[in-house]
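Novice: Starting off with a structure, shown below.
The values are calculated or read from the model by the stated rules, or taken from the named source; none is laboratory data. What you see is a predicted model; the values in this text were computed from it and never measured. All Cβ positions, even for glycine, are placed from backbone atoms using ideal geometry, and neighbour counts span all protein chains on display. Surface areas here come from the heavy atoms of the whole protein model, side chains and all, with no ligands, DNA or RNA. Shrake-Rupley method; radii C 1.70, N 1.55, O 1.52, S 1.80 Å.
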Amino acid sequence: MENIPVDNSGQIDRRQALKWIGAAAAAAAIFPHASAQDKLPRPAAPVDKRIGWDPVLNKNYVPGDLWPLTLTPKQRKAAASLTDLILPPDNPGDKLPSQLGVQEFIDEWISSPYDETSKDRPVITEGLDWLDAEAQRRFQKDFADLAEPQKCAIADDICGKTAVKRSSSPPRTSSAASVISPPAGTTPRRKVGKMSATWATSRPSTSTDRRLRP
Amino acid sequence: MAIITEKELQSTYDVIVVGSGAGGGQSAYTLTMNGVKVLMLEAGRNYDPVTETPMFQSRADAPLRGMSTREKPFGFHDATVDGGWEVPGEPYTQASTDPKQRFDWWRSRMLGGRTNHWGRISLRNGPYDFKPYSRDGLGFDWPLSYDDVAPYYDKVEMLVGVYGSNEGLENTPDSPNGTLLPPPKARAGELYVKKHVAKFGIPVIPIHRAILSTRQDHVNFPARLHPNNPKAQKIIAKAMQERAACFWATDCGRGCSIKANYQSTTVHLPPAHATGNLDILCNAHAREVTVGTDGKANGVIYIDKVTGQERAVKGRAVILAASSGETARILLNSKSNRFPNGLANGSGLVGKYIMDTVGAGLGGSVPAFENLPVHNEEGAGTHVYIPWWLYKDASKLGFARGYHIEFGTGRRMPGLGTGGASPGYGKSYKEEVRQKYGAGIGFAGRGEMIPNENSFCELDPTVKDKWGIPVLRFHWKWSEHETKQAAHMEATFAMMIDAIGGKARNPQADGSKAIDTGGRIIHEVGGAIMGADAKKSVTNQWNQCWEVPNVLLNDGSAFCSNADKNPTLTIMALAWRATDHLIEEMRKGNL
């Protein structure tokens with residue numbers, strides 16, 4: 001079997017697409033006062049809700065077909081808004097990520113019965129909760145209802161500017177902190193800048209960290 | 001594929017073929033085209049690529065964007081049914097807990113077996129590859145030569161349809177004119193590599209792949225395949241016309257509903273079935289070969305997986321082509337007073353000398369590939385490859401034998417991780433994704449492993465599968481020949497990535513860390529090696545078990561070496577050759 005590694009294989013660095021949202025969740029560790037508020041229990045999917053050993057292949061699946069989705073309406077709204085900020089349309093009239101249902105894909109991912117994806121669940125849910133809390137704190141509105149410059153202000157903070165303040169903090173051991181570890185085997189990338197310093201210095205060594213290693 | 005039910009079984013068959021993949025498919029094809037009545041037993045379910053292949057689903061149409069999961073390790077759309085690294089209810093075990101001594105075993109439980117998803121790379125073994133011991137004193141010589149097999153390579157290439165070119169390179173055989181189909185053009189990235197590695201003496205040439213780049217010559221091929229057999233010619237001419245040429249847009253690993261690539265279920269079994277000489281029984285898991293008072297095999301006991309009942313069928317000869325591991329398992333489980341250690345195991349070599357391919361990989365990013373104008377880079381996997389080029393340096397390398405290199409470049413169907421942009425958002429983030437989309441390169445080495453005493457399988461003394469059949473326990477150890485080869489691969493890949501101005505990700509200097517786990521390349525061969533001496537091998541050059549000449553091993557189990565060339569084409573060529581010999585022996589009344 002020829003399994004050539006190419007950069008767009010579905011198996012390689014699957015966390016890449018969620019990395020930015022992961023960075024959002026990292027801020028939950030940076031702003032501990034805004035930690036997760038409506039934590040959901042991890043869904044316990046019955047065996048028959050898994051993909052199975054002989055699924056019908058020539059059929060189009062949509063999120064929710066196999067296992068129930070678990071984001072709250074509020075989290076989903078924040079996720080939709082965030083994906084539209086991450087991937088703005090090239091031309092007026094182009095479909096937005098939220099219109100393509102990217103938030104439902106994220107929901108499918110974190111709600112799945114597979115450890116490889118559901119380990120991202122706290123990253124996403126706590127991050128989304130933090131987004132709304134931070135938006136309320138700064139602008140008295142939910143994230144999705146902010147004007148674009150306000151969304152950008154928060155996003156810019158997440159992308160590095162604020163992190164520098166905490167980069168020399170002592171290692172944290174909460175589960176929220178573990179999300180600021182980079183995925184195993186990846187190198188912090190240049191744009192992360194200050195954030196990579198956080199990754200490098202405050203990687204927790206507690207049992208929560210092991211979750212990130214396959 | 002029309003299959004039969006147990007009620008329709010005949011009381012006896014000329015030949016029972018166990019397994020429906022490359023070896024079983026070729027055996028059944030050759031037998032039935034020559035009027036031999038065949039029963040094929042397949043442990044998995046019936047499978048129809050024409051109606052089941054997800055030709056036009058995108059990754060977004062699959063759960064979790066088609067990512068690798070326990071049940072679908074090669075991704076959701078991979079054409080593997082009820083299998084992968086695990087088969088539910090059918091475990092195998094490891095003799096050691098050391099991860100370096102693991103052997104991972106890929107199985108599928110479906111008609112056509114692993115031919116439904118394989119990479120279709122179809123390289124001939126060269127003359128050296130059949131006489132490795134004579135060249136360097138390691139491993140075993142085959143009891144046959146390239147010239148013995150060449151006519152069967154010609155026939156298999158014509159039958160299944162293989163594209164490629166003749167380059168006249170050392171130990172990289174050419175095919176007779178008109179046998180190969182034209183190869184697809186090299187992609188931009190492939191040409192770029194070719195240009196920049198030429199200074200190292202590294203050749204980049206079209207790969208050979210079992211895919212129809214054009215439709216087959218259904219006018220001339222049938223007579224070349226089946227001289228003096230008008231019925232067979234007519235059947236295969238019709239079957240060839242039912243196959244379309246590739247349109248270069250879908251992933252071969254999903255299978256092919258238009259029959260443009262080779263899989264047993266679209267190429268071997270339909271014409272075999274059209275002869276009227278083939279019965280196929282699915283969900284029939286062979287447990288053991290039965291032996292008569294004359295010491296010859298006379299049938300097979302199988303488990304009907306639907307009812308869980310044990311059943312027996314009778315035949316004048318038995319061909320095992322259940323995959324190397326499964327074939328060894330069946331032999332070891334076929335114990336009788338006459339064969340207390342398993343069938344055809346007087347030499348004690350059943351299960352011994354199992355081999356995989358040496359695999360190591362390295363990826364990198366290549367600025368020269370960034371922001372290329374958008375153009376069609378679809379196709380069939382890699383269009384070129386690098387055959388082993390250092391035959392003259394054998395004494396200087398520190399390891400025996402060699403490897404070929406496959407590599408992937410360009411934009412493919414996007415998936416998670418496409419582009420590999422830095423964390424960020426907005427317009428600049430999108431631009432970075434577009435810039436990096438298709439600017440990666442991945443090299444994979446595929447090299448020869450020397451058979452060794454420490455790599456073998458045996459029956460686990462306690463563990464049984466859900467049908468009560470003892471399972472295989474694997475022992476595995478790479479020798480320094482393999483680990484040093486893997487280190488050489490890594491250094492070569494890093495050198496090539498550097499030569500194209502790219503940045504390699506993580507070259508691994510330690511070969512024992514670079515090398516893939518045993519079995520991971522899914523080129524499992526050996527376990528019942530052929531040889532010239534009945535005391536030192538399990539079969540003769542005709543895949544016939546020395547002790548039970550009416551049992552043939554027509555999968556990779558009889559391989560006594562595993563050249564860097566991917567084994568499937570050779571499995572088919574040897575199966576055809578062995579089956580021709582079986583037919584001749586049956587006609588002469590020798591069996």
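Novice: In whole percent, what relative contact order does region B:432-591 give with Cα contacts below 8 Å and a gap of six or more residues?
Specialist: Numbers: 192 pairs, mean separation 28.8, N = 160.
For region B:432-591, the relative contact order is 18 percent.
Novice: Can I ask one more? Can you give me the angle between helix B:426-436 and the longest principal axis of chain B, using Cα atoms only, in degrees from 0 to 90, rounded to the nearest 10?
Specialist: Between helix and principal axis, roughly 60 degrees.
Novice: Next question, about the same structure. Enter the accessible area of B:MET530 (Å², nearest 10), with the probe set to 1.4 Å and all protein chains included.
Specialist: My reading of the accessible area for B:MET530 is about 0 Å².
Novice: Give me the number: length gained by fully extending B:LYS234 to B:ASP98, i.e. 0.36 nm times residue separation minus the C-alpha to C-alpha distance, one decimal in nm.
Specialist: Details: separation 136, 0.36 × 136 = 48.96 nm, distance 5.50 nm.
My answer for the length gained is 43.5 nm.
Novice: What Kirkwood radius, in Å to one decimal, follows from the Cα pairs of region B:471-578?
Specialist: 16.3 Å
Novice: Follow-up question, since we're still on this one. For B:HIS273, B:HIS268, give the ranking by accessible area with the largest first, probe 1.4 Å.
Specialist: Output order, biggest surface exposure first: B:HIS273, B:HIS268.
Novice: What residues does region B:48-64 have that are buried by at least 30 Å² of accessible area in the full protein assembly compared to the chain on its own, 1.4 angstrom probe?
Specialist: Residues meeting the cut-off: B:GLN57, B:ARG59, B:ASP61, B:PRO63, B:LEU64.
Novice: Which parts of region B:171-186 would a label at B:ALA394 reach, counting a residue when its backbone N lies under 20 Å from a point 7 Å out along Cα-to-Cβ?
Specialist: Residues B:171-174 fall inside that zone.
Novice: At a 1.4 Å probe radius, carbon and sulfur cover how many percent of the accessible area of region B:348-449?
Specialist: 55 percent
Novice: May I pose another question? Just to verify a number: what accessible area does B:ARG473 come out at with the full protein assembly present, 1.4 Å probe, Å² rounded to tens?
Specialist: 70 Å²
Novice: Also, I was wondering about something else. Give the Rg (one decimal place) followed by the Dmax (whole number) of region B:1-143, computed from C-alpha coordinates and expressed in Å.
Specialist: According to the Cα coordinates of region B:1-143, Rg and Dmax are 19.4, 55 Å.
Novice: Which of the three applies to region B:7-46, rounded, prolate or oblate, going by the alpha-carbon gyration tensor with a ≥ b ≥ c and a/c under 1.5 meaning rounded?
Specialist: Oblate, since a/c reaches 1.5 and b/c is not below a/b.
Novice: Would you be so kind as to list the residues of region A:54-73 that have their accessible area lowered by at least 40 Å² in the full protein complex compared with their chain by itself (1.4 Å probe)?
Specialist: At a threshold of 40 Å² (probe 1.4 Å), the residues of region A:54-73 that become less exposed are A:ASP54, A:LEU57, A:ASN58, A:ASN60, A:TYR61.
Novice: Report the convex hull volume per residue for region B:329-415, counting only C-alpha atoms, in Å³.
Specialist: Given the Cα convex hull of region B:329-415, per-residue volume reads 207 Å³.
Novice: Heavy atoms of the protein only, probe of 1.4 Å, neighbouring chains included. What is the accessible area of B:PHE56 in Å², nearest 10?
Specialist: Rounded to the nearest 10, the figure is 150 Å².
Novice: Rounded to two decimals, what is the ratio between the C-alpha radius of gyration of region B:348-473 and 2.2 N^0.38 Å? Spell out each step's value before the answer.
Specialist: Working: Rg = 22.3 Å, N = 126, 2.2 N^0.38 = 13.8 Å.
The value comes to 1.61.
Novice: Okay, next question. Output the direction-averaged projected area (hull surface divided by four) of the convex hull of the alpha-carbon atoms of region B:265-398, in nm².
Specialist: 16.9 nm²
Novice: Ratio of the protein assembly as shown's C-alpha Rg to 2.2 N^0.38 Å, to two decimals?
Specialist: 1.00
Novice: Whole number please: convex hull volume per residue, Cα atoms of region B:406-446, in Å³. If you can, show how the numbers build up before the last one.
Specialist: On the way: hull volume 3.1 nm³, N = 41.
Taking the convex hull of the Cα positions in region B:406-446, it is 76 Å³ per residue.
Novice: Let me ask another. Give the interface area between chains B and A as buried accessible surface, both sides summed, probe 1.4 Å, in Å² to the nearest 100.
Specialist: Chain pair B/A: roughly 5200 Å² of buried accessible area.
Novice: Could you work out the percent of alpha carbon pairs in region B:140-248 separated by over 22 Å, rounded to a whole number?
Specialist: Considering region B:140-248, 44 percent of its Cα-Cα pairs are separated by more than 22 Å.
Novice: Hey, what's region B:290-348 come to in accessible area per residue, 1.4 Å probe, Å²?
Specialist: Heavy-atom accessible area per residue stands at 39 Å².
Novice: Something else: Percent of accessible area on region B:243-339 owned by carbon and sulfur, 1.4 Å probe?
Specialist: 46 percent
Novice: Which angle between 0 and 90 degrees, to the nearest 10, do you get for helix B:146-156 versus the longest principal axis of chain B when only C-alpha atoms count?
Specialist: 80 degrees
Novice: How would B:LEU41, B:LEU390 line up by accessible area, probe 1.4 Å, largest first? Intermediate values should be presented prior to the final figure.
Specialist: On the way: B:LEU41 5, B:LEU390 25 Å².
Heavy-atom accessible area, descending, gives B:LEU390, B:LEU41.
Novice: As I understand it, the value is the acute angle between the Cα axis of helix B:230-241 and the longest principal axis of the Cα atoms of chain B; what does it come to in degrees, rounded to 10?
Specialist: 30 degrees
Novice: Right, here's the next one. Around B:ILE386, what is the net charge, scoring Lys/Arg as +1 and Asp/Glu as -1 over all other residues with Cβ under 12 Å from its Cβ?
Specialist: -2
Novice: Between rounded, prolate and oblate, where does region B:185-235 land on the alpha carbon gyration tensor, with a ≥ b ≥ c its root eigenvalues, rounded for a/c under 1.5, else prolate if a/b exceeds b/c?
Specialist: Prolate, since a/c reaches 1.5 and a/b exceeds b/c.
Novice: Direction-averaged shadow area of the convex hull around the Cα atoms of region B:205-309, nm²?
Specialist: For the Cα atoms of region B:205-309, the hull's average projected area reads 11.2 nm².
Novice: Once fully extended, how much extra length lies between B:ILE4 and B:THR214, figured as 0.36 nm per residue of separation less the alpha-carbon to alpha-carbon distance?
Specialist: Numbers: separation 210, 0.36 × 210 = 75.60 nm, distance 3.39 nm.
Separation in residues times 0.36 nm, less the Cα-Cα distance, equals 72.2 nm.
Novice: Would you mind checking A:LYS74/B:LYS427; B:LYS195/B:LYS503; B:LYS194/B:LYS565 for any pair whose Cα atoms are more than 23 angstrom apart? Mind dumping the intermediate values first?
Specialist: Details: A:LYS74/B:LYS427 26 Å; B:LYS195/B:LYS503 18 Å; B:LYS194/B:LYS565 20 Å.
Pairs exceeding 23 Å: A:LYS74/B:LYS427.
Novice: Oh, and also: Under a straight-distance cross-link criterion of Cα-Cα below 20 Å, which lysines are reachable from B:LYS72, leaving out those fewer than 8 residues away in the same chain?
Specialist: Qualifying lysines at Cα under 20 Å: A:LYS49, A:LYS59, A:LYS119.
Novice: Less than 20 Å apart at the alpha-carbon level, and either on another chain or at least 8 residues along: which lysines does that give for B:LYS238?
Specialist: Result set, ordered by chain and number: B:LYS155, B:LYS259.
Novice: Could you pull out every one of the lysines with an alpha carbon less than 27 Å from that of B:LYS535, ignoring same-chain neighbours closer than 8 positions?
Specialist: Cross-link targets: B:LYS131, B:LYS296, B:LYS335, B:LYS352, B:LYS477, B:LYS588.
Novice: Leaving ligands, DNA and RNA out of it, report the carbon-plus-sulfur percent of the accessible area of region B:70-156 at a 1.4 Å probe.
Specialist: The computed percentage sits at 50.
Novice: Please label the shape of chain B as rounded, prolate or oblate, based on the square roots a ≥ b ≥ c of the eigenvalues of the alpha-carbon gyration tensor (a/c under 1.5 means rounded; beyond that, a/b larger than b/c means prolate, else oblate).
Specialist: prolate
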